[in-house]
Amino acid sequence: MTSLALGPAAGTRLGRINPVAQLAAIVVVTVVLLTSLDVVTPAVVVAAELCLLPAAGLTAPRVLWRRTWPLLLGAGSVALVNVLLSADATAPAGVALGLRVVGLALPGVLLVATTDPVRLADALTLHWHVSTRFAFGALAALRLVPLLVGEFEAVRLARRARGIEARTPWARARLFAGIGFALLVGAVRRGSRLATAMDARGFDSGIARTNARGSQLRARDALFVAGTVAVCAVAICASVLAGAWHPLLGG
């Protein structure tokens, strides 16, 4: 299972941070990591992100693995492919790319692991004035992810009961593609019914909607964003002092 399928953990310290503050911090980290090509900057940023794991309730190795295995697999694949296929790539360059992938994706894992999608939708509509049609449509999609995972397991077990079982890597790939196509068709049909139901309830009426729960920005939210900026500044300074700073433009 992925982080989306597992849903948020309740009562975490990181979960007290307003979702839009977490998104603002993610934007800062993304800009810094996408504009630097060295290994020191992402290493410092990833180290800081790992320090947030206890605040997100991700201390148990089993739980951490279930939420991050797609991220680790993707980072390892990016590093390996670039080292093997690039003529001028080296092992440190591959490590830098892998760390950059982890640094870019781990904040999203932390956000999903600590934030209720309802709080996220409320914060986006109230603070960033995101369209309610988009925000609550995204909320509905997030709510359906666990259902999609459950359907995947049900289809897999049903095919296995009928004797359709993969014994080779190629057969597993074909079986996975078949299940994925079946789920895609079902998701499209469910999405169409959900969109019709939402429109019937006035989500596309054009009338301004009120919010029953509300969303407040507090001092700790500003401190969280400021701390993210400070960590990124330290990462860049450490890279410059180490002589490894390599900006994307002009380096």
note = Note, I17: beta-carbon cut-off 12 Å, +1 each Lys/Arg, -1 each Asp/Glu, net +4
request  = Would you look at the GNM of the chain, springs on alpha carbons closer than 10 Å, and say which of F224, F176, F152 moves the most?
outcome  = F176
query = For the pair L183 and V27, how long in nm is the line joining their label points, each one 7 Å along Cα→Cβ?
reply = 3.2
task = Work out which helices of the chain, taken as complete DSSP H runs, extend at least 20 Å along their axis over the Cα atoms and score a mean Kyte-Doolittle of -0.5 or more, then list them.
result = 19-34, 61-85, 91-114, 132-161, 169-200, 219-241
key: Extension gain, R133 back to M198 (0.36 nm per residue minus Cα-Cα distance, nm)   = 22.5 nm
key: Shape metrics for the chain, restricted to C-alpha atoms - Rg then Dmax, Å   = 21.2, 62
task = Go through 61-69, 131-139, 91-99, 181-189 and give me the packing order, highest mean Cβ count within 10 Å leading.
result = 91-99, 131-139, 61-69, 181-189
message = Compute a Gaussian network model of the chain, connecting alpha carbons closer than 10 Å, and tell me which residue from V229, V112, V81 fluctuates the most.
response = V81
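Kindly state, to the nearest 0.05, the FRET efficiency for L80 paired with V149, given R0 = 35 Å and r defined as their beta-carbon distance.
On the way: r = 27 Å, r/R0 = 0.78.
Here the calculated transfer efficiency is 0.80.
Please report W170, W245 as a ranked list, fewest other C-beta atoms within 10 angstrom at the top and most at the bottom. Please report the intermediate quantities before stating the final value.
Working: W170 9, W245 17.
The fewest-first ordering by Cβ neighbours comes to W170, W245.
Every read-out reported here was derived from the displayed coordinates using simple, explicitly stated rules and does not represent laboratory data. Since this is a predicted model, take the numbers as computed values, not measurements. Because the Cβ atoms are built from the backbone with ideal geometry, glycine has one as well, and the counts that use them run over all protein chains shown.
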